[in-house]
Amino acid sequence: MKYFLMFCGSFILLTTSYVLADTCVGTSSVPATNQHYKVDGQVDVDSKKWNYVLTDIKMGDKRIGPLPIDWTHAHLYFFLSQDGKRFAVLDVSAGHRLYNRFMIYDSEGKLIASLGVHDLLTKDEQTNVTHSKSHIHWLKDYPKLNSYGKYSSDQNTVSLTTLTGREVVISLSDGKLIKKQE
């Protein structure tokens, strides 16, 4: 807990504010793979930028393109459609920005959709977002999947669970929200 002293006229007002400590062990990227493709993130430390790397496993061809991720510190999770025509990247927690948190690309590297925290959370849920020194916390994880999202090949969707336990379902085809109750 952090304490703040405020001088208000002839008295002192003492207020408190919670500041979460970071337990971050560094930058990370969790790839997605199916029988034909693999997509992962790659950081270029010199240029301080992230790229995606989409690999055709059978042919060995790689497509590399930029990701709009600030700085080199990120915690990325990738999701890949069964046909390899779309992939998504979730930048779950590094930094405090609210935009570019869930992005969908086609196999040519064209950005199809970019969603931020305000697009995915209800107004009430946005008040539950917490910050640590260098992170934002707005989603629950799926410990059994080692991920913050869950891909459904039957529906070609990615599901995220908010801190309140509400499921948000996003179409990997076009980035539209299929399930986001207010």
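The values are calculated or read from the model by the stated rules, or taken from the named source; none is laboratory data. Keep in mind the model is a prediction, meaning the values are calculated, not measured. Positions of Cβ are backbone-derived with ideal geometry, glycine not excepted, and every protein chain shown enters the neighbour counts. With ligands, DNA and RNA removed, areas are computed over all heavy atoms of the protein, side chains included. Shrake-Rupley method; radii C 1.70, N 1.55, O 1.52, S 1.80 Å.
Can you find even one residue in region 136-152 that is open to solvent by 30 Å² or more (accessible area, probe 1.4 Å), farther than 18 Å from residue 33 by Cα and of a type in the set (Gly, Ala, Ser)?
no
Could you tell me which numbered condition residue 90 fails, if it satisfies all but one of (1) open to solvent by less than 10 Å² (accessible area, probe 1.4 Å); (2) under 16 Å from residue 31 (Cβ atoms); (3) of a type outside the set (Gly, Ala, Ser); (4) in contact with a Ser or Thr (Cβ under 6 Å, 6 or more places away or on another chain)?
(4)
With the requirement that a residue be among the β-branched types (Val, Ile, Thr) and free of Cβ contacts under 8 Å to residues at least 40 places away in the same chain, what does region 147-158 give you?
157 - this is the single residue of region 147-158 that is among the β-branched types (Val, Ile, Thr) and free of Cβ contacts under 8 Å to residues at least 40 places away in the same chain.
Condition test on residue 47, is it on the phi < 0 side of the Ramachandran plot, open to solvent by less than 60 Å² (accessible area, probe 1.4 Å), at pLDDT below 90 and in a strand (DSSP E or B)?
no
Tally the residues that are assigned to a loop (DSSP other than H, G, I, E, B) and closer than 20 Å to residue 154 by Cα, restricting the search to region 64-92.
5
With the requirement that a residue be over 14 Å from residue 78 (Cβ atoms) and within 21 Å of the chain's Cα centre (by Cα), what does region 48-63 give you?
48, 49
So residue 128 passes all but one of these: (1) closer than 28 Å to residue 36 by Cβ; (2) exposed (fewer than 14 other Cβ atoms within 10 Å of the Cβ). Which condition number does it fail?
So the condition that residue 128 fails would be (1).
What are the pairs with Cβ atoms under 9 angstrom where one residue, in region 159-180, is buried (at least 17 other Cβ atoms within 10 Å of the Cβ) and the other, located anywhere, is among the aromatic types (Phe, Trp, Tyr) and not in a strand (DSSP E or B)? Sequence gap at least six, or different chains.
160/148; 162/138
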